[in-house]
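Taking it in order: structure first as structure tokens, then the write-up.
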Amino acid sequence: MVTHHSILLIDDSPGECELFHLALIQTGLAVTLFTEQNADAAFHFLNNHSNLPTLILLDWHLGRQRGDEFLKRLRADSRLAAIPVVVFTTSDDASDLALAYASGANGYVVKPGTFAELIQCAGDLCRYWLERNRVPLTIGTPC
């Protein structure tokens, strides 16, 4: 059983990453946050760490890339496929939502508008995905 949880936040905005980090601190939960600004950097991180993150938060629009490309690549890798991925985005577009789930997202959350709401959202995400959700024990185990 995992005793220490970590999140990989993939977001091309350093400011958004910093805000989420500050909100996560405010929750008081013991969670390590890693950030990457694009899909290639995220895969480099995932392929070079023996302890995989418990959760991936994925911004849907990563510069010129969309999150579906990342999701399809992640789901095709047996070592990474079971990591829960929640799309964490400003987009409330129904077509983005549908494509995210069709591409393998486990959840879709629209980023809140205020810092207080972000703190609440970060806590809710952590409590559900890190404490309540269960994944196969093989996550993080080399093939």
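Here is the figure for the range 30-48: residues that are closer than 19 Å to Lys111 by Cβ and exposed (fewer than 15 other Cβ atoms within 10 Å of the Cβ) total 0. Exactly one of (1) surrounded by 15 or more Cβ atoms within 10 Å (Cβ to Cβ); (2) touching a residue at least 24 places away in the same chain (Cβ under 8 Å) is unmet by Leu97. Its number? Of everything listed in (1) surrounded by 15 or more Cβ atoms within 10 Å (Cβ to Cβ); (2) touching a residue at least 24 places away in the same chain (Cβ under 8 Å), Leu97 misses just condition (2). Ala102 satisfies every condition listed in (1) open to solvent by 40 Å² or more (accessible area, probe 1.4 Å); (2) farther than 20 Å from His21 by Cα; (3) modelled with pLDDT under 95 except (3).
The values are calculated or read from the model by the stated rules, or taken from the named source; none is laboratory data. Quick caveat, the model's predicted, so the values are computed rather than measured. Cβ atoms come from the backbone with ideal geometry, glycine included; neighbour counts cover every protein chain shown. Each accessible area value is taken on the protein alone, full model and side chains, heavy atoms only, with ligands, DNA and RNA left out. Shrake-Rupley method; radii C 1.70, N 1.55, O 1.52, S 1.80 Å.
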